[in-house]
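A.B. asks: Have a look at this one.
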Amino acid sequence: MNGSVSLRSSPVLLFNMQNRTTSSLRSAIATVLLLVAASPAWSDDLSDARLRASNGDHAEAIRLFERHLQTARPSASVYYELGGAAKKSSNPALAALNFRRALILDPLFDLARKDLVETNLALGVSSDFTDWKTGVASKVPLNPILLTGVVLFWLGLFILVTGFHSRTRRFWDVGLISIGAVLIALAWVCDPRVNLIRQRFIMSPQGCEVFNTPVENSEKVTKLPQGSVVTAISERGRWIYGQLPGGARGWFLSEGLESVIPTK
Amino acid sequence: MKKRVVILWMGFLLAASAILQAQEATAGLSSPSTSVGQPVELVVTVRDSRNAEVPQTIDVAGLRIELFGRATRFEMNNVKVTSSLTYTYSVVPLNAGEFTIPPIEVKVDKKTLKTAPARLSVMAGAPPRLPNAPSTRADVQPPAGQVTPYFGDLLLSKKKAYVGEVVPAELRYYFNSRISGEVGDRPNFGGEGFTAQKLTHVPKREQIVNGENYVVFGFQTGITPVKFGALEIPASSLEARLQVPGSPPPGFADIFQQFGGALPPGMFTNSRDVSIETKPVTIEVVSLPKEGKPENFSGAIGKFNMEASANPKKAEPGEPVTIKVLVSGQGNFDAMGAPELTADEGWRSYPPTEKFDPTDAIHFSGTKTFEFVLIAKQERYQTPGLKFTYLDPATGKYESLTHPPFVVEAKAGEVMPTPSPVAIPVPSETPKPVMSPMMPLSHVGGESSWMPLFKRPVFLWINLYVAFIWGVALIYTLVKKFTRSKYMRARAEASRVRIAIAELATCEDAAFYELASGCLASIVGGDAEMAGQIPGLTDAEKEVLRVLQERVAESKYSSKAGVKATSDERERVTQVLARVVIQYAK
């Protein structure tokens, strides 16, 4: 047989193709089939979670929402519903974290913003929406901005090239390239998934103590309550050097902190 | 003289102690529960008194209570003197039920003391022993011989059990009421081959054992055997610090003997740390009977009842119907599974939620609630039925509790008020759970990835592809521009001239002048007439060029076509053309 394998021996071997071109195609088909096969499980967890939430079993709903999110693609809707279930089960910290995640995925999600403000009030922390980047993200859809910028940028570059060719310099080439570059930069800078990647959410009910130096018995700068958000600047073992909501900086331990953008 | 002072001093202490001690009367039952016809003892203790009046009988409907004994105790702990009177009543239950023995009035001197009311539970038939009932006197046997100051005992509700069955147990530590001291929080208890519930403390009580009054500290637990065979429950010990009788200082006893008396018991005590142990007990553990064992036996062992309800009675398409099942009784609630749904075709069911509400501290009795959520896949007019199977350890047989289906009106169909972001249609044979109208509306929109668009592979590949095309276009444009430059054009002309001159050397004589004229035109860029004006040429060279033009005209316009060049003329013309190339390039 010299390495050739009967296709009947095992369905797995269906993808053991000698032709590399077709093997890639078959791998892609297999991936799609696997995704299709797995999707009812996601759907079941999500449906179950919604059912539990509607019946008032919020603890179980939270568990099912979280299990769904571990395997499925993230969704602002599901994070919002998870936050809602956490809010109803008297877990405002978990609710605030998930409302934040919903807002990161969809900065135009006004309902999530309103609920986050309410939850933050319950936690006694301020809602930090004063940043201009957050303001831009909450008003304009960033992906269309990015795509428009990319199209204009390339269009300008192609006009520039054809300008060389035809010796007819046009106003458009440099103008389009500049406008495109600005739009791309704007979408890049304002995307919460970029500028909030270093945010850490304080989940610990005891809050988080901030120190002057990365030593536990050093002078304490302040203590942040549960629900506060800090921005990590650098990390040293268990210690994180970061910026506090007021702009001050200090060291704090990573225990009890949760990345606002999940790291999985 | 010295002895008399000591005696006077002792007398003063006794008198002062008698004054300072508060008189009180307490009442306690030897057992808080019994059965009809099984007597228990009611002990009334009057502290710090040598004489008291108590009623001979106590009137309680359903109970016959009569006084049958009286005892006096005189105790002396170091310098603390205690005297007490004990009155023992016989309590014979006549009927089953819950009884409250009212406060008993005790007249001491001119005062009237009242005991606290006591509660007695009387059951019909054999007396329950555990977990609610402490053992009777016959169960508890302190070591034979003289009165024991303390001892421990382990009481099990049964000596034979099934694997997985919960056996209520009580650890009891008896302390003679004459001694005082402190006991530890809880005993150390555990062993191999069984699991035990957390020990729970039973309120301290008094109990008469072999005519002696004991204070009993009890701890209840539930023991669950995990393997069959003989299971030994090992001894458990409770630490205590007791004030035990001690010896008087040297010569002290002589003082009493001089007056013809003996030293009162308990006058001198020593503090001693002791460890009170129960005796090991062996129980026989048997495996679950195979005969009649259902395939889907849930593991419940005990005695149970089942009640159920369904809500709502009318369900719209996609609306869930909840069946609530209450399983109550006594048994291993922690290990039992849910009841089984029978005839559930046409329904989609979800794993039930469970909640247990114990009525005792060891989780032996109580009610477990299961809630099944069902959604009709087809139009249905009744819910599935219910079946719960358990092993009754009293009979050793499997029992089944069933509940008929509930009448409901559940419509089939799916309601999707708002499409879910991840909702994927599935075949109708396996309908997925549908959202009820009460569910929160899903938000549509937003990203489906934590990775920004510009970091995603698709975006990067598309842009890379566009960049590649742009790069190709750029290179093409630059190459084209380069090839059209003056330099490249000059190079092309020079190449053409070189080829033309090379052709002159080999061409026919008749065609020589025509080719040479074309070559010259190429060198000067079109008009061969202009060749004479190229600077740097000598007159002779200009003359050669002029002759060349004449020969060409002659060939062209005369009737003698194709004027032939001599070899000398060819050589001269070729040399001059080479010179013209050089001069023109300058």
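A.B. asks: So which residues in the stretch A:105-126 are farther than 22 Å from residue A:75 by Cβ, buried (at least 17 other Cβ atoms within 10 Å of the Cβ) and of a type in the set (S, T, N, Q)?
C.D. replies: Within the stretch A:105-126, A:120 is the sole residue that qualifies.
A.B. asks: Let me ask something else about it. Name the residue that is farthest from the other protein chains (Cβ to nearest Cβ), counting only residues in the stretch A:85-99 that are open to solvent by 20 Å² or more (accessible area, probe 1.4 Å) and more than 21 Å from residue A:199 (Cβ to Cβ).
C.D. replies: Pass one, the stretch A:85-99, residues open to solvent by 20 Å² or more (accessible area, probe 1.4 Å): A:87-92, A:94.
Now narrow it down to the ones that are more than 21 Å from residue A:199 (Cβ to Cβ): A:88-90.
Working: A:88: 11, A:89: 14, A:90: 18 Å.
For the stretch A:85-99, the residue satisfying everything is A:90.
A.B. asks: Next question. If we only count helices (runs of 4 or more DSSP H) wholly inside the stretch A:62-148, which ones have 1 or more residues that are closer than 27 Å to residue A:206 by Cα? Write out each step before concluding.
C.D. replies: Details: elements: A:76-88, A:92-105, A:110-123, A:132-137.
Result: A:76-88, A:92-105, A:110-123.
A.B. asks: Any residue in the stretch B:372-385 that is within 28 Å of residue A:64 (Cβ to Cβ), within 14 Å of chain A (Cβ to nearest Cβ) and modelled with pLDDT under 70?
C.D. replies: No: zero hits.
A.B. asks: To continue, here is another question. Go through (1) more than 22 Å from residue B:320 (Cα to Cα); (2) buried (at least 17 other Cβ atoms within 10 Å of the Cβ); (3) free of Cβ contacts under 8 Å to residues at least 40 places away in the same chain and name the single condition residue B:401 misses.
C.D. replies: Going through the list (1) more than 22 Å from residue B:320 (Cα to Cα); (2) buried (at least 17 other Cβ atoms within 10 Å of the Cβ); (3) free of Cβ contacts under 8 Å to residues at least 40 places away in the same chain, residue B:401 breaks only (3).
A.B. asks: Checking the conditions here, which among B:274, B:244 is at pLDDT below 80, in contact with a Gly (Cβ under 9 Å, 6 or more places away or on another chain), away from chain A (no Cβ under 14 Å) and open to solvent by less than 40 Å² (accessible area, probe 1.4 Å)?
C.D. replies: Numbers: B:274 fails: at pLDDT below 80.
Exactly one residue qualifies, and that residue is B:244.
A.B. asks: Continuing with this model, one more query. From B:406, B:454, grab the single residue that is at pLDDT 85 or above, within 9 Å of chain A (Cβ to nearest Cβ) and surrounded by 15 or more Cβ atoms within 10 Å (Cβ to Cβ).
C.D. replies: Values: B:406 fails: within 9 Å of chain A (Cβ to nearest Cβ).
Answer to the selection: B:454.
A.B. asks: OK, next. Quick test of your reading of the structure: residue A:50 fulfils all but one of (1) more than 22 Å from residue A:129 (Cβ to Cβ); (2) at pLDDT 90 or above; (3) open to solvent by less than 10 Å² (accessible area, probe 1.4 Å); (4) not aliphatic (A, V, I, L, M). Name the failing condition by number.
C.D. replies: It is condition (2) that residue A:50 fails.
A.B. asks: While we're here: Quick one: what pairs do we get from the stretch B:338-365, first residue surrounded by fewer than 15 Cβ atoms within 10 Å (Cβ to Cβ), second modelled with pLDDT of 85 or more and among the β-branched types (Val, Ile, Thr), C-beta under 7 Å, 6+ apart or different chains?
C.D. replies: B:355/B:369; B:357/B:367
A.B. asks: For the stretch A:226-256, enumerate the residues that are assigned to a loop (DSSP other than H, G, I, E, B) and open to solvent by less than 60 Å² (accessible area, probe 1.4 Å).
C.D. replies: Passing the criteria: A:226, A:227, A:228, A:244, A:247, A:248, A:254, A:256.
A.B. asks: Quick check on my filter: what residues within the stretch B:556-577 are modelled with pLDDT of 75 or more and not acidic (Asp, Glu)? Even if it seems obvious, please write down each step before you answer.
C.D. replies: Just the residues of the stretch B:556-577 that are modelled with pLDDT of 75 or more, to begin with: B:564-577.
Of everything in the stretch B:556-577, those that are modelled with pLDDT of 75 or more and not acidic (Asp, Glu) turn out to be B:564, B:565, B:566, B:567, B:570, B:572, B:573, B:574, B:575, B:576, B:577.
A.B. asks: Please go through (1) of a type in the set (Lys, Arg); (2) modelled with pLDDT of 80 or more; (3) not in a strand (DSSP E or B) for residue B:50 and return the number of the only condition it doesn't satisfy.
C.D. replies: So residue B:50 meets the others, but not (2).
A.B. asks: Among the residues that make up the stretch A:168-178, is at least one of them modelled with pLDDT of 90 or more and either in a strand (DSSP E or B) or of a type in the set (A, V, I, L, M) (or both)?
C.D. replies: Here is the first cut: in the stretch A:168-178, the residues modelled with pLDDT of 90 or more are A:177-178.
Remaining after also requiring either in a strand (DSSP E or B) or of a type in the set (A, V, I, L, M) (or both): A:177.
Scanning the stretch A:168-178, I find at least one residue that is modelled with pLDDT of 90 or more and either in a strand (DSSP E or B) or of a type in the set (A, V, I, L, M) (or both), so the answer is yes.
A.B. asks: Restrict the check to the stretch A:195-206 and report whether at least one residue is free of Cβ contacts under 8 Å to residues at least 40 places away in the same chain and in contact with a Lys or Arg (Cβ under 9 Å, 6 or more places away or on another chain).
C.D. replies: no
A.B. asks: Here's a follow-up. Taking the options A:154, A:188, name whichever one is in contact (Cβ under 8 Å) with a residue 40 or more places away in the chain and surrounded by fewer than 21 Cβ atoms within 10 Å (Cβ to Cβ).
C.D. replies: Working: A:154 fails: in contact (Cβ under 8 Å) with a residue 40 or more places away in the chain.
Within the list A:154, A:188, the selection yields A:188.
The values are calculated or read from the model by the stated rules, or taken from the named source; none is laboratory data. Since the model is a prediction, treat every value here as computed from it, not as a measurement. All Cβ positions, glycine included, derive from the backbone under ideal geometry; neighbour counts span all protein chains shown. Surface accessibility is based on the protein's heavy atoms, side chains included, excluding ligands, DNA and RNA. Shrake-Rupley method; radii C 1.70, N 1.55, O 1.52, S 1.80 Å.
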